[in-house]
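The block underneath contains the structure these notes are about, expressed in structure tokens.
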Amino acid sequence: MTSRAALLFVACALAAGSAGGARPNPLEGRLSLASLRPERSQKSPPRASLADWMAEDAASLYARTLHEVTLPGTHDSGAYWLSKQTIPDARFPPPWAAAAIAAAERLGVPVDEIITAWALTQTADVGEQLRAGFRYLDLRAGWNGTAWCVHHAEVGVALSVVLDDLAAFVKRHRGEFVVAQVSHLDGAFSSAEKAKRVRELKASLTDALRGHLVPVAVTGDGALILNDTIGEMVARDERVLVVFGDGDYSSGEKNARDDDDASDADAFLWPPWTLHNGWADTDDPDALVRFATDETIAFNEKGGGGGGFGEPGSLFKLSWTLTAQTSTVLESFLPGEPKSLRELDAAGARPSLAPFAARVAKAGCRASNILSVDFAVASDAVRAARVMNAASADEPGKREDRCGLESGDARGFVAATSE
């Protein structure tokens with residue numbers, strides 16, 4: 001259904017009364033803001049600790065480089081709590097948020113009643129995400145006028161809160177390695193002020209994680225060097241690799257450059273093209289699996305390293321996430337449709353990951369270097385990454401052809417989840 005058709009359909013449904021003249025409640029069945037926006041985060045049920053899983057897997061993991069493993073990660077890691085304030089920036093609102101604003105105005109309800117449901121991506125704070133085993137953090141940094149905060153359409157907690165959680169984790173869990181990406185440097189400021197604020201942001205990152213950062217290494221011609229094993233970096237206490245800048249996110253072109261990206265002067269902030277983001281940009285579970293299938297095949301045909309997707313030496317991140325579209329938000333007012341990103345994820349992305357990873361692992365392959373998910377503590381991403389790490393074969397000829405996958409085929413993954 002097109003966005004226009006969805007809006008017309010919803011408008012007609014809302015305008016139509018019942019036989020008795022009663023108008024349907026457009027918010028019926030939606031989660032309340034009390035559950036969507038808790039005081040800080042919703043505490044997930046107790047689970048077996050995965051805070052030290054990399055140290056537990058050291059016998060097989062520490063001898064490998066980052067190109068030879070899959071790390072589980074969280075998408076929009078800081079969007080576990082969001083305020084009512086939207087991020088001030090020329091890029092706001094994205095299409096789905098514009099649809100939410102239009103629907104809210106038509107229905108006469110507060111805008112955040114709708115936006116928050118589709119902007120929240122996690123239920124646990126960053127410290128809990130790390131203790132749950134996730135080793136990649138996707139931190140969107142926005143200037144709210146007084147401080148750098150995390151954001152996803154709406155403004156979240158101060159970035160300093162997240163950095164404190166990360167610093168505390170690496171100090172306590174000395175066998176673990178984390179990749180943190182800081183991007184989406186949004187906010188309402190002039191070019192001159194932005195340059196100043198970005199310098200301050202870079203300084204706060206290096207100060208908060210001082211003593212644990214992986215120094216940037218490049219060849220004479222600018223190629224990235226990530227040849228040290230995880231064990232070697234852990235032994236040197238270089239256990240946090242920070243990727244800084246918008247890169248892929250700022251342009252439709254792969255490995256695009258931005259004036260605010262990490263530069264040659266940033267000794268401990270890796271440039272954004274260190275990671276190439278594989279993102280399906282769809283709300284359709286079948287389309288997500290088809291995209292992941294094609295990306296996984298291509299990734300392994302290039303030897304299982306991210307360089308085949310971007311700059312030499314880069315890592316490949318696969319986002320196993322569903323993304324709200326304009327029609328997704330508008331159709332959420334219809335009976336039986338997901339009312340939030342959390343419901344969309346639970347019905348589509350989450351159930352298909354484990355069988356997909358199992359098939360990839362059986363073929364001796366990995367899906368990516370980083371596997372990023374929404375609502376992480378309820379997902380199978382950590383287990384999926386460990387299964388693929390344990391089964392993957394980096395020697396030539398050891399992997400099954402095309403990782404046992406058929407290009408563009410979602411059968412056996414999404415269909416199985418609805419049984």
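The values are calculated or read from the model by the stated rules, or taken from the named source; none is laboratory data. Everything numeric in this text was worked out from a predicted model, so none of it was measured. Heads up, the Cβs are rebuilt from the backbone with ideal geometry, glycines too, and the neighbour counts pull from every protein chain shown. Only protein heavy atoms, including side chains, enter the accessible area calculation; ligands, DNA and RNA are left aside. Shrake-Rupley method; radii C 1.70, N 1.55, O 1.52, S 1.80 Å.
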Shape call for segment 159-225, from the Cα gyration tensor axes a ≥ b ≥ c (a/c under 1.5 means rounded, otherwise prolate when a/b beats b/c, else oblate), comes out oblate
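Ordering 406, 68, 128, 176 from largest to smallest accessible area (1.4 angstrom probe), what's the sequence?
Sorted descending by solvent-accessible area, the residues read 406, 68, 128, 176.
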Ordered by residue, what ³J(HN,Hα) values in Hz, to whole numbers, does segment 73-83 give under the Karplus form 6.51 cos²θ - 1.76 cosθ + 1.60, where θ = phi - 60° and Gly and Pro are x? x, 10, 8, 6, 4, x, 8, 9, 9, 9, 7
Under 1.5 on a/c is rounded, so check that first for segment 81-190, then, if it is not, pick prolate when a/b is larger than b/c and oblate when it is not; a ≥ b ≥ c are the square roots of the alpha carbon gyration tensor eigenvalues. prolate
Segment 116-172 shape via C-alpha gyration tensor axes, a/c threshold 1.5: oblate
Please give the Cα centre distance for segment 201-216 versus segment 96-175, rounded to the nearest Å. 21
Quick check: at a probe of 1.4 Å, how many percent of the accessible area of segment 327-384 sits on carbon and sulfur atoms? 51
Once ligands and nucleic acids are excluded and a 1.4 Å probe is used, how much of residue 290 is accessible, expressed in Å² to the nearest 10? 90
How big is the accessible area of residue 204 in square angstrom, nearest 10, if you roll a 1.4 angstrom probe over the protein chains? 50
At 1.4 Å probe size, with the rest of the protein present, what percent of the exposed accessible area of segment 128-244 is carbon and sulfur atoms? 51
Residue by residue through segment 279-285, what is 3J(HN,Hα) from phi via Karplus (6.51 cos²θ - 1.76 cosθ + 1.60, θ = phi - 60°)? Round to whole Hz and write x for glycine and proline. 9, 6, 6, 8, 9, 9, x
Provide the net charge surrounding residue 244, with neighbours chosen by a C-beta distance below 9 Å and charges set as Lys +1, Arg +1, Asp -1, Glu -1. -2
Solvent-accessible area of residue 297, probe 1.4 Å, all protein chains present, reported in Å² to the nearest ten, please. 10
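With r as the distance between the Cβ atoms of residue 281 and residue 189 and R0 = 35 Å, compute the FRET efficiency 1/(1 + (r/R0)^6) and round to 0.05. All intermediate terms of the calculation are to be shown ahead of the outcome.
Values: r = 28 Å, r/R0 = 0.80.
In this case the efficiency is close to 0.80.
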First measure r as the distance between the Cβ atoms of residue 168 and residue 406, then evaluate 1/(1 + (r/R0)^6) with R0 = 51 Å and state the FRET efficiency to the nearest 0.05. 0.70
What percentage of the solvent-accessible surface of segment 59-126, computed with a 1.4 Å probe over protein heavy atoms, is contributed by carbon and sulfur atoms? 57
